[in-house]
Amino acid sequence: MRTWPHKTPCPRVVCADGFSMSVQVGPSYMCRRSPRGRWVTVEIALLSQPEPRLDEYNIHAGVEGVPPVYRNVPVATLARIVDSHGGILEDSYQELRKREVLPLCFPSRA
């Protein structure tokens, strides 16, 4: 497996109900920053269970045997998904906040 020095993965987002996903940001991922430098979209993958609200962002839609990767998912969509799963667990929230993945307004739940 090839490793990329500029592609350091962020920790998983873990929600209060057990739902988890990989949420990534960075120049080597499929996401964008605003002109002010904040992440406005993220790349999501490796869901613990299907999440229909992400279907439109799946770059592998219709391809058999390929795990879904969701590109340029708006942060607002991510916020709605996280909220519907009870919020982010505190440890997960603090780690992601350090990496500027999530807006500070996301509620964490212990």
Worksheet item: How many of the residues making up segment 72-92 are surrounded by 17 or more Cβ atoms within 10 Å (Cβ to Cβ) and part of a strand (DSSP E or B)?
Response: 3
Worksheet item: Is there any pair linking a residue in segment 52-74 that is modelled with pLDDT of 95 or more and of a type in the set (D, E, K, R) to one that is loosely packed, with under 13 Cβ neighbours inside 10 Å and not in a loop (DSSP other than H, G, I, E, B), with Cβ under 6 Å and at least six apart or on different chains, and which?
Response: none
Item to complete: Specify the residue that is modelled with the lowest pLDDT; the eligible residues are those in segment 88-110 that are over 13 Å from the mean Cα position of the chain (by Cα) and among the small types (Gly, Ala, Ser).
Response: ALA110
Worksheet item: Which of the residues spanning segment 38-68 are under 21 Å from GLN94 (Cβ atoms) and assigned to a loop (DSSP other than H, G, I, E, B)?
Response: ARG38, LEU46, SER48
Response to the item:
Restricted to segment 40-68 and to residues being within 10 Å of the chain's Cα centre (by Cα) and aliphatic (A, V, I, L, M), the residue farthest from VAL13 (Cα to Cα) is VAL42
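The values are calculated or read from the model by the stated rules, or taken from the named source; none is laboratory data. Note that this is a predicted model, so its numbers are computed, not measured. Cβ: placed from backbone, ideal geometry, glycine included. Neighbour counts: every protein chain shown.
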